[in-house]
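What follows is calculated from the coordinates using simple rules that are stated; it is not laboratory data. Note that this is a predicted model, so its numbers are computed, not measured. Cβ sites come from the backbone with ideal geometry, for glycine too, and all protein chains shown count toward neighbours.
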Amino acid sequence: MKKGIALAVVMGMLLCGCAGNAQNSLPDSQESVVSKEESKLPEPESRDVFAMDTYMVLKAYGKNADKALEEADKEIQRLESIFSVNIEDSDIAKINANSGNPVTVNASTRAAINKAIEVGDMTEGALDITVYPIVREWGFTTGDADNEPYYKIPDDSLLEWHLGNVGYDKILVNGSIVTVPTDYEIDLGSVAKGYASDAARQILLEHGITSALLDLGGNVMTIGKKPDGTKWSVGIKNPVATDQLLCSLEVQDKAVITSGNYERFFEQDGKKYWHIIDPKTGYPADNGIISATVVGDEGLTCDALSTALFVMGTEKAVKFCKEHKEIDAVLVTKDMKVYVTDGLKNGIAMQDGLSYELIKR
Ligand code: ADP
Ligand code: MG
């Protein structure tokens, strides 16, 4: 998402209009959007960051908050410089420019790639970071001279050729050396912000921070509770009315990460095409789910799984959630059916008029 400050302002206003829902209080964060803190709270230290093609807002309380946020900002910028497909000497750009040959990468890159492979295995390839050439064909990158998207529906023959070079299981990681087969390319768009949220949290914890809300463009990480002792409230957008909430979740020490079909898309001849690709078809994943939120301890895992659940579609995603108690999820289908795992039951407040089906484990 790269809607920027203007959206944050608009959404801030909109959130005020939502007062009265969600346990009668405003969420502290709505995906990429941070609303005003409740007035009784002290002012947190706050830092706006633009990185990974996204507007981020980092907020923390406590003595060393300012310094901690500055360090977290630096780390996020460092991660962008090694993860970005568009920065010439990034680890990922080097891997892509040298397909067929070994490339030495940073420890962070190795960790993110290893997790992506692991989640690829867990999800039968729904998450596949080698889908990148197809993502680029659709124009879902910021690749042209003006850094503007150039969306297009690729020719079937071109997609077919690229599909022949998709398969995360062909990536070789040997210590810090990564090799992808000739003509393969990867991107970490599905996991980078989740990884960055973990890294930022780690830095804040090392600075003794016990209360923080890190909003990395739809990827929220929370540390502890608010200074008043209540949990953080994270809003999830309604995917069919993105100026409204679907629900809000009360959390502490959790990542809350959403993949939605409204984050980056274009429309042609009345049909919507979005940036999450089904590695089996080369087309935007259209298997029943239009928004998948994953809540868990680790941002990286939640980010990888939110993309994967989106691709898997309703039936497989619900089954996956049943089998994986270590995470919680909110899944929204095309026909606006909402599924919520049992771990969120006590902390969820639906927007007026909306209900959900519980996934029991
Ligand atoms: P966002 O970046 O909007 O928060 P996601 O975390 O779901 O959303 O990641 C989407 C990005 O991941 C896409 O922009 C693309 O770069 C990449 N991607 C798209 N489809 C897949 C897929 N099936 N597996 C892995 N990465 C994907
Ligand atoms: Mg993701």
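With θ set to phi - 60° and the Karplus curve 6.51 cos²θ - 1.76 cosθ + 1.60, what are the ³J(HN,Hα) couplings of the stretch 120-128 in order, to the nearest whole Hz, using x for Gly and Pro?
So the Karplus estimates, Gly and Pro as x, are x, 4, 5, 10, 6, x, 4, 8, 8 Hz.
Please list 242-254, 262-274 highest first by mean number of surrounding beta-carbon atoms within 10 Å per residue.
Result, highest mean Cβ count within 10 Å first: 242-254, 262-274.
Could you check the spin-label model distance between Leu163 and Glu124? Points 7 Å from the Cα along Cα→Cβ, value in nm.
Result: 1.7 nm between the two label points.
Treating the angle as unsigned and between 0 and 90°, give the value, to the nearest 10°, between the Cα long axis of helix 65-83 and the longest Cα principal axis of the chain.
20 degrees
If you wrap a convex hull around the Cα atoms of the chain, how much volume per residue is inside, in Å³?
Dividing the Cα hull volume of the chain by its residue count gives 132 Å³.
Taking the Cα centre of the stretch 238-361 as origin and charging only Cβ (+1 Lys, Arg; -1 Asp, Glu), how large is the dipole, in debye to the nearest 20?
Once rounded to the nearest 20, the dipole reads 380 debye.
Calculate the spin-label point distance for Ile153 paired with Asp269, positioning each point 7 Å from the Cα along the beta-carbon direction, and give it in nanometres.
0.4 nm
Quick check on packing: order 294-303, 351-360, 73-82, 41-50 by the mean number of other C-beta atoms within 10 Å, highest mean leading.
294-303, 73-82, 41-50, 351-360
Under a Cβ-only charge scheme (Lys and Arg +1, Asp and Glu -1), can you give me the dipole magnitude of the stretch 34-116 about the Cα centre, in debye to the nearest 20?
Once rounded to the nearest 20, the dipole reads 300 debye.
When the helices in the chain are scored as -39500 (n - 2.57) per DSSP H run of 4 or longer and the sum is shared across all residues, what 222 nm value do you end up with, to the nearest 500 deg cm²/dmol?
Working: 9 runs with 109 residues, N = 361.
Helix-only estimate at 222 nm: -9500 deg cm²/dmol.
If I stretch the segment between Lys322 and Asp352 completely, what's the gain in nm (0.36 nm per residue apart, minus their alpha carbon distance), one decimal?
Contour length minus Cα-Cα distance gives 8.1 nm.
Taking the dipole about the Cα centre of the stretch 126-283, with the C-beta of Lys and Arg at +1 and of Asp and Glu at -1, give me whichever of His207, Gly175, Thr281 is farthest to the positive side.
Checked the options; the winner is His207.
With every atom except the alpha carbons ignored, what do you get for Rg and Dmax of the stretch 226-265, in angstroms?
When restricted to the Cα atoms of the stretch 226-265, Rg and Dmax are 12.3, 39 Å.
Hey, could you pull the Cα Rg and Dmax for the stretch 56-127, both in Å?
Using the Cα atoms of the stretch 56-127, the pair Rg, Dmax is 15.9, 50 Å.
Does anyone have the angle between helix 192-206 and the longest principal axis of the chain? Alpha-carbon axes, 0 to 90°, nearest 10?
Tilt of helix 192-206: around 50 degrees.
Please compare each pair in Lys231/Lys337; Lys115/Lys325; Lys316/Lys345 to a cut-off of 23 Å on the Cα-Cα distance and tell me which ones are over it.
Cα-Cα > 23 Å for Lys231/Lys337; rest within.
Pick from His324, His162, His275: which residue has the top mean-square fluctuation in a GNM of the chain where Cα pairs under 10 Å get a spring?
Per the Cα network of the chain with a 10 Å cutoff, His324 tops the list.
What three numbers, in Å, describe the spread of the alpha carbons of the stretch 172-245 along their principal axes, ordered from the longest?
Largest first, the stretch 172-245 extends 54, 40, 12 Å along its Cα principal axes.
What is the packing order of peptides 56-66, 129-139, taking the mean over residues of other C-beta atoms within 10 Å and listing the highest first?
Values: 56-66: 19.8, 129-139: 22.7.
For the peptides 56-66, 129-139, the packing ranking is 129-139, 56-66.
Which residue, Ile76, Ala60, Thr123, has the largest displacement toward the positive end of the dipole of the chain when charges sit on each Cβ (Lys, Arg +1; Asp, Glu -1)?
Of the candidates, Ala60 comes out farthest on the positive side.
Angle between the Cα long axis of helix 4-17 and the longest principal axis of the chain, 0 to 90 degrees, nearest 10?
With rounding to tens, the tilt is 40 degrees.
Placing unit charges on C-beta atoms (Lys and Arg positive, Asp and Glu negative, everything else neutral), compute the dipole magnitude of the chain about its Cα centre in debye, rounded to 20. Mind showing how you got there, number by number?
Details: 36 positive and 55 negative charges, 189 e Å.
Result for the chain is approximately 900 debye, rounded to the nearest 20.
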